[in-house]
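Inspection log for the structure reproduced underneath, given as structure tokens.
The values are calculated or read from the model by the stated rules, or taken from the named source; none is laboratory data. Keep in mind the model is a prediction, meaning the values are calculated, not measured. Cβ coordinates were reconstructed from backbone atoms using ideal geometry, including for glycine residues, and neighbour counts include every protein chain displayed. These accessible areas exclude ligands, DNA and RNA; they are computed on the full protein's heavy atoms, side chains included. Shrake-Rupley method; radii C 1.70, N 1.55, O 1.52, S 1.80 Å.
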Amino acid sequence: MSHLRKRVPGPAGDVIRVLDVGAGGADLPRSIARYLTHRSLCPIVFALDKQRAVADIAVERSNGVHRIIVLVGDGLALPLPDNAVDVAISSTTLHHLTDADAVRCVREMARVSRRHVIVGDLDRSLLALGGAHVLARTWWRRSDYRFDGPVSVTKAFNRAELLDVGREAGLRSPRVHRHFPFRLTLVGLPPE
């Protein structure tokens, strides 16, 4: 969210369109809509998920939150026209894809975005893997994360690999930022 805050300019009343790829239950889209509304902007937030059942949950959770549009679709073939949104984001989705599909997804995000592409994911490192195993045995021991957490870290990208994804996807000026404790964020501009 911090990268979005830095990149959403505009005077009060501006319409800001944001796409969240792999939105799940729409937690992030709801936060984005509230944040932009609080800044006196007019958000239109597209929450996209591939699974109909998950999108139904997003619709239910977003009930009463204005300007959230839930879509069922694939991040590899986004159901939006070119330049449809100001910012395309994704959070902890990329590591579920193959390397080639990660590039395709980011390329699609760049296609539909006019201003920015922001991709947050896990940082694959020994320290992150150790942390995931500790959490799996303690905090997550009764949740599905006890299995998913360590597996997700092993499938994630390291900083150089995530930067390569951005470059191969055609982003202009791609940069990868590291965040505590084990997160990376790829930020770039769509091709001209």
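On a per residue basis, segment 65-114 carries 43 Å² of accessible surface, using protein heavy atoms and a 1.4 Å probe.
Label positions at residue 101 and residue 179, each projected 7 Å from the Cα along the C-beta direction, are separated by 2.4 nm.
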